[in-house]
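The structure under discussion appears below in the form of structure tokens.
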Ligand SMILES: Nc1ncnc2c1ncn2[C@@H]1O[C@H](COP(=O)(O)OP(=O)(O)O)[C@@H](O)[C@H]1O
Ligand SMILES: [Mg+2]
């Protein structure tokens, strides 16, 4: 039985199920939070918890049947690829409804799980994004033949990550010829190719409305994608692109993210456009400002500063509702 039950924690890192090891950044964050909060901190994995309603109250338990006291703050570090609506996201909703403040909120995680959902919000807020075309149930073979598709274009899955499902398509013939053989488990996006940014992007880590780290990532082999997972090189550059950092802050705020990894493309005009926003960003050990910034954001919540730390969705997650549910759950968070 986890000893944490006897010493309720105020602050959790919630990671994906065993046996997946913690991401390097998540491990570093957990070690730092352990040093800061001692027994008031715990790492939980999504496969250790069961939840539901008991006697009309929301309940959270271990598999062994022990009640789990609700933390005040949960730093959500499940990888985006393991964020399923009926599984991880349901657990996150449960924690939020019981009264925990999530970094990031469920609403923000849901938005970030789909690149078109993100663009719907960002474009509505007037932020620059590349022209993009997607679909609901239209056949992909028909979509690629529609007149608004221009080539070259970038083809990507709505929920891809690590650059694994991002391709440069040089011409319409190629697009038509591959259209029948592409996986169709999720819709695809046909996106304007931002040629000035080929093989290069600007990744900004935003915490609580501040750009705390930035790096230019460059592919080493001439390929389109500049993800580190695909072997790209990275150079720290905080302060070099203030306009890009300001755009990243606006993007994070628009999507309601307290912690965000914003990918920006370089435009031919010398500015930036938003490529995508990540709700569970990694960071490199040299980005020493990230963990202290996350700790400060946690402190703000513990001090009663509310969730979302000044973000729009943070305000929108329904503080009143959470407090009401927390009261009815009868599991008052432990005090500091
Ligand atoms: N429209 C585009 N024009 C030019 N390069 C792009 C474009 N979209 C993506 N890229 C490149 O591909 C990388 C991965 O794309 P992204 O949309 O961030 O997907 P992922 O979620 O897999 O990281 C980007 O970081 C960038 O280097
Ligand atoms: Mg990306």
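No value in this document is a laboratory result; all are computed from the given coordinates. Since this is a predicted model, take the numbers as computed values, not measurements. No Cβ is skipped: glycine too gets one built from the backbone with ideal geometry, and neighbour counts run over all protein chains shown.
A few comments on the model shown:
- For 177, 105, the sequence from fewest to most other C-beta atoms within 10 Å is 177, 105.
- Helix 24-37 and the long axis of the chain differ in direction by around 30°, with both axes built from C-alpha atoms.
- Protection proxy ranking, peptides 200-209, 261-270, average beta carbon neighbours within 10 Å, highest first: 200-209, 261-270
- Euclidean distance of C-alpha centroids, the stretch 191-268 and the stretch 117-153, integer Å: 21
- For the chain, calculated [θ]222 nm from helices alone, where every DSSP H run of n ≥ 4 adds -39500 (n - 2.57): -8500 deg cm²/dmol
- The relative contact order of the chain comes to 20 percent, based on Cα pairs under 8 Å that sit 6 or more residues apart.
- Rounded to the nearest 10 degrees, the angle from helix 88-98 to the longest Cα principal axis of the chain is 40 degrees.
- Angle in degrees between helix 319-329 and the longest Cα principal axis of the chain, rounded to the nearest 10: 40
- Whole-number percent relative contact order across the stretch 116-259, with pairs defined as alpha carbons under 8 Å at least 6 apart: 23
- Relative to the current alpha-carbon distance between residue 150 and residue 236, full extension at 0.36 nm per residue lengthens the span by 27.5 nm.
- The chain - share of DSSP beta bridges that are antiparallel (%, nearest 5): 80
- The orientation-averaged projected area of the convex hull spanned by the Cα atoms of the chain comes to 17.7 nm².
- The packing ranking of peptides 186-192, 52-58, highest mean first, is 186-192, 52-58, where packing means the average number of other beta carbon atoms within 10 angstrom of each residue.
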